[in-house]
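The values are calculated or read from the model by the stated rules, or taken from the named source; none is laboratory data. The structure displayed is predicted, hence computed values, not measured ones. Here Cβ is always computed from backbone atoms with ideal geometry, including for glycine, and neighbour counts include all displayed protein chains.
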Amino acid sequence: MRGKRIFNLSAAAVGAILLTGCDGDTEYLTKTETEYVTQKETEYITKTEYVEPELKPIKSPIIIAHRGASGYLPEHTLGAYELAVKMGAEYIEPDLQLTKDGELVAVHDTTLERTTDVLERFGARNGSTNVGEYTLAEIKQLEMKLNGTAKYTYPGFTPTSNDPFKVPTFNEVIELAQRLSKENAKEIGIYPEAKLKDELQENKILESLEKYGYTEKNKIYIQSFSAETLKSLKNKMQNRGYLLPLVQLGNAIDSSFNDTDYSGTLGLDCQDYCVLTQDSPPQVIRLADIKEYAPDIGVSLSTSKALTTSSSWPLYTPDFYTYAHELGMTVTGWTFNKSRLDAQSIAEYLGFFELGMDGFFSNYPDIAVEAKALFIETQKRLPTETQKP
Ligand code: G3P
Ligand code: CA
């Protein structure tokens, strides 16, 4: 009798769900649902022949743990990835860089300075602390530094990997995802990002994925800010006889994009909806053209005024998502953080979910899981326009 439950739910109850659901209190939701059935609705239900309503498919945006549970534990570590999975993240995200000896490691910045004690241990090499100046053996000696809200421990969580707070290789991240998939009887997806525009890096990413069997229908997406990198990866995969989904990262823009404000001289403009990439020089690419090489766009949730002069920023307009969906594309947003109040964080997620966002990167997977559960529950309980009594 799920349909009947949906009929019974008044607008006030929906409001109550939105408020109380923040605490994950499902028992209270059930009580509230019953309490809010109005006299009018009861009469309607008893006097009207009940027809099972047609339900819209439930939207279920995917949760990607941004650099692991990086709001809680040091980013890009096996410990942070494991905590993210424990909290319910569906994908884990490693940004990838190449070491001096050509190994892929999970590091966000070009340099090791912000996240490790490289300067104290080795000093700068050739005037920099670039990942590419150090061998894997050297990088493995580094201790992580804390950034943002991360700490070295999380209540009730003991990492099960050896060296949970060292810089991991891409292969170690994959092995962790595969082990946790087995232990949880549920595939944990991987969302690697090619950080460099580099042929060797592209080849190494594909070699690792092939080594671990990621050549078909696995939960895997490869992302990059560089359209050239993605096109090159697509060619390489096709030449190797497979094709994994690619994600074009960048800023969502529309025809209000003002190149003069942005850089002045690139001569870039956008005829409909586009993504501003980080190629050199940057490119503005229409969604319809991105679709030719990448089915997903991963776009920034925050943008400077220079990127748009319109009052309606594309990511706040449902038309943007409708347009992408009509093209058969999906939209993923980065990065969801934590507000002062958890309820504010959840409201931010729900706003983007309502607009049509299909996936999202979060530094706080537990809040992401709560927001997603609430969104799904709300969809189950809300009648579509045609189902309203
Ligand atoms: O890959 C999506 C998001 O992570 C892009 O930002 O700078 O954190 O890699 P960044
Ligand atoms: Ca990234």
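Listed values, structure above:
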| quantity | calculated |
| --- | --- |
| Per-region count, the stretch 96-115, residues within 12 Å of ASN130 (Cβ to Cβ), of a type in the set (S, T, N, Q) and within 25 Å of the chain's Cα centre (by Cα) | 3 |
| One residue from ILE205, ILE174 being within 16 Å of ligand 1 (Cβ to nearest atom), aliphatic (A, V, I, L, M) and either outside any loop (DSSP other than H, G, I, E, B) or modelled with pLDDT under 95 (or both) | ILE205 |
| Flag if THR149 is in a loop (DSSP other than H, G, I, E, B), of a type in the set (Val, Ile, Thr) and either away from ligand 1 (no atom under 16 Å from the Cβ) or not assigned by TED's automatic domain parsing to the domain that holds SER339 (or both) | no |
| Enumeration of residues in the stretch 149-169 that are of a type in the set (Val, Ile, Thr) and within 22 Å of LEU96 (Cα to Cα) | VAL167, THR169 |
| Test for GLU103: is it within 12 Å of ligand 1 (Cβ to nearest atom) and at pLDDT 95 or above | no |
| Cross-chain or 6+ apart pairs with Cβ under 9 Å, the stretch 184-206 first and in contact (Cβ under 8 Å) with a residue 12 or more places away in the chain and acidic (Asp, Glu), then in a loop (DSSP other than H, G, I, E, B) and within 15 Å of ligand 2 (Cβ to nearest atom) | GLU193/PRO94; GLU193/HIS108; GLU193/PHE225; GLU202/LEU196 |
| Those residues of the stretch 187-202 which are in a helix (DSSP H, G or I) and either outside the structural domain of ASP109 (by TED's automatic domain parsing) or crowded, with 17+ Cβ neighbours inside 10 Å (or both), in sequence order | GLN201, GLU202 |
| Answer residue from the stretch 314-337, given it is assigned to a loop (DSSP other than H, G, I, E, B) and either among the polar types (S, T, N, Q) or modelled with pLDDT under 90 (or both) and is nearest to ligand 2 (Cβ to nearest atom) among those | ASN337 |
| Subset tally (residues that are assigned to a loop (DSSP other than H, G, I, E, B) and among the polar types (S, T, N, Q)) for the stretch 208-238 | 3 |
| Residues that are over 22 Å from TYR273 (Cβ atoms) and either away from ligand 2 (no atom under 16 Å from the Cβ) or assigned to a strand (DSSP E or B) (or both), drawn from the stretch 350-363 | LEU350, SER362 |
| The listed residue being assigned by TED's automatic domain parsing to the domain that holds ASN162 and either in a loop (DSSP other than H, G, I, E, B) or surrounded by fewer than 24 Cβ atoms within 10 Å (Cβ to Cβ) (or both), out of LEU119, LEU96 | LEU119 |
